[in-house]
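Reading through the structure tokens given below for one structure.
The values are calculated or read from the model by the stated rules, or taken from the named source; none is laboratory data. These figures come from a predicted structure and were not determined experimentally. When we count neighbours, we look across all protein chains shown, and the Cβ atoms used for this are built from the backbone with ideal geometry, even at glycine.
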Amino acid sequence: MATFLILLQLVIVLAMIFIGARVGGIGLGIYGMVGCLILIFGFGLPPGKLPIDVMLIIVSVITAAAALQAAGGLDYLVGHAARFLRRHPDQITYYGPLTTWAFCLVAGTAHTCYSLLPIISEIATARRIRPERPLSVATTAASLGITGSPVSAATAAVISTDLLGGQGIELRHILLVCIPASLVAILVAAFVQNRVGCELEQDPEYQRRVAAGVLHPERDDALLEQMMTHPAPRARYAVWAFLAGVAAVVLLGCVPTLRPCYTGADGLSVRLPMAETIEIVMMSTAALILLVGRASVKAAASGSVFAAGMNALVGIFGIAWMGDTYFCGNIDFYQAHIAGLVTQYPVLFALALFVMSIMLFSQAATVRTLYPLGLALGLSPLSLVAMFPAVNGYFFFPNYPTEVAAINFDRTGTTRIGRFVINHSFQLSGFITTVVSIAVGMLIAACL
């Protein structure tokens, strides 16, 4: 009977995730909270731990990124990226994804790649390179940037004191393992993807659109040219302020002794935790950006970056709390039934992370949901760091915003969703980057 109730609870959790994902936006968080209500009031489970640190870090980082957008800093960065990519058009399948990865690594959110995807698509189209090739890798590379970024919500969740931070894992471990692993994975995926599909001029859909007069590349150059030649007057100062904030977070994370100490309630000396450090530094960075960039607070709050961040905040609030409530309430069952198997074959836990991320559509929410289970099962903290890229599995279904954007930005029609939905343009590069990054991460973790 007990096993039946636990499985019934799991069905409810998965159902709430599915419904929330179908609704989209803040629906993920809303239906996650419905799941909490059922688990707590209906089944009597104790409420799990609220992901407060993750939520507050999202608020602080997104506020800084939104201020950067309001000051014209994102357009300024896009303009520089466009000039770089145009100087190396024949290598767009490599440089395009590396650029989106670098952007997301710095900004901590995959949504910064929206500005780069049309540039990548247009440069590939102009050079008669199949846009599907760089775009498919660029979207998955953006996700890998999150699982290596010092300012992403997912990284903050991993190093929070109640997860790996309490096991001796610090920001430097994430950077040492995930950044080189991601870089290798992107290069491998780009190498493979560069040989996928027929050449652009031989593609039937491209030929149809040219014949129909749908493709007019020259009309789309004006806006990009504006970004490249006439950025906002004080945009560069805003960019430097944002980069200074990110650099401060990296430095304070890699050198913990730089963080101040204070006396805790028990009278012992306590060093400022990394979560609070990120919150303080990035919120202060937002103030600096608004000052030097002379940006409008109203414009920052109404921008697309802020809106996307708040959607993520609500989603994590409901979904992560529901997941924590379910797994913590049934931890004895999972320890008794799968502890030995997962400990003997850690790759099974990476598979669980991958599957859960498909349903949750959030790296941070996946971390908050399953990493407590991984620790309870006795998995090595460094192994969990190496498995971090497994939380990028939401590429599996082509309905994540970055994938939808890439499909729409490719005017040639080569980036597409197949007849069976899951046979889409992002599947191959997604699996390659996930498998390679985890494998390389495991090798690096073994050397630490």
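So, residue 322, is that one under 20 Å from residue 366 (Cβ atoms) and crowded, with 22+ Cβ neighbours inside 10 Å or not?
Yes, satisfied.
Quick one: is residue 305 touching a residue at least 24 places away in the same chain (Cβ under 8 Å) and either over 26 Å from residue 377 (Cα atoms) or not acidic (Asp, Glu) (or both)?
Yes, satisfied.
Is there a residue in the range 318-327 that is touching a residue at least 40 places away in the same chain (Cβ under 8 Å), in contact with a helix residue (DSSP H, G or I) (Cβ under 8 Å, 6 or more places away or on another chain) and either closer than 22 Å to residue 69 by Cα or polar (S, T, N, Q) (or both)?
yes
Listed residues 277, 285; which is under 16 Å from residue 170 (Cα atoms), within 25 Å of the chain's Cα centre (by Cα), surrounded by 14 or more Cβ atoms within 10 Å (Cβ to Cβ) and polar (S, T, N, Q)?
277
I need the full set of residues from the range 1-22 which are closer than 16 Å to residue 394 by Cβ and either surrounded by 12 or more Cβ atoms within 10 Å (Cβ to Cβ) or over 22 Å from the mean Cα position of the chain (by Cα) (or both), in order please.
Across the range 1-22, the qualifying residues are 14, 17, 18, 20, 21.
Sort out which residues of the range 411-438 are modelled with pLDDT under 80, more than 15 Å from residue 197 (Cα to Cα) and not basic (Lys, Arg), and write them in order of number.
420, 421, 422
Assuming residue 278 fulfils every condition listed in (1) assigned to a helix (DSSP H, G or I); (2) at pLDDT below 85; (3) of a type in the set (A, V, I, L, M, F, W, C); (4) over 20 Å from residue 248 (Cα atoms) apart from one, which condition is it?
The one condition residue 278 does not meet is (4).
So for the range 399-411 (the condition being hydrophobic (A, V, I, L, M, F, W, C) and more than 22 Å from residue 120 (Cα to Cα)), does at least one residue qualify?
Scanning the range 399-411, I find no residue that is hydrophobic (A, V, I, L, M, F, W, C) and more than 22 Å from residue 120 (Cα to Cα), so the answer is no.
Residue 32: more than 20 Å from residue 244 (Cα to Cα), touching a helix residue (DSSP H, G or I) at 6+ places or on another chain (Cβ under 6 Å) and in a helix (DSSP H, G or I), yes or no?
In short, yes.
Out of the range 295-350, which residues are modelled with pLDDT of 80 or more, over 23 Å from the mean Cα position of the chain (by Cα) and either outside any helix (DSSP H, G or I) or closer than 28 Å to residue 241 by Cα (or both)?
Residues satisfying the conditions are 295, 296, 297, 298, 299, 330.
Could you check the range 367-448 for helices (runs of 4 or more DSSP H) lying wholly inside it with 3 or more residues that are touching a residue at least 12 places away in the same chain (Cβ under 8 Å) and more than 19 Å from the chain's Cα centre (by Cα)?
In the range 367-448, 381-386, 427-447 are the helices (runs of 4 or more DSSP H) which contain 3 or more residues that are touching a residue at least 12 places away in the same chain (Cβ under 8 Å) and more than 19 Å from the chain's Cα centre (by Cα).
If you go through the range 231-250 one residue at a time, do you hit one that is at pLDDT 80 or above, surrounded by fewer than 16 Cβ atoms within 10 Å (Cβ to Cβ) and of a type outside the set (A, V, I, L, M, F, W, C)?
Scanning the range 231-250 turns up no residue that is at pLDDT 80 or above, surrounded by fewer than 16 Cβ atoms within 10 Å (Cβ to Cβ) and of a type outside the set (A, V, I, L, M, F, W, C).
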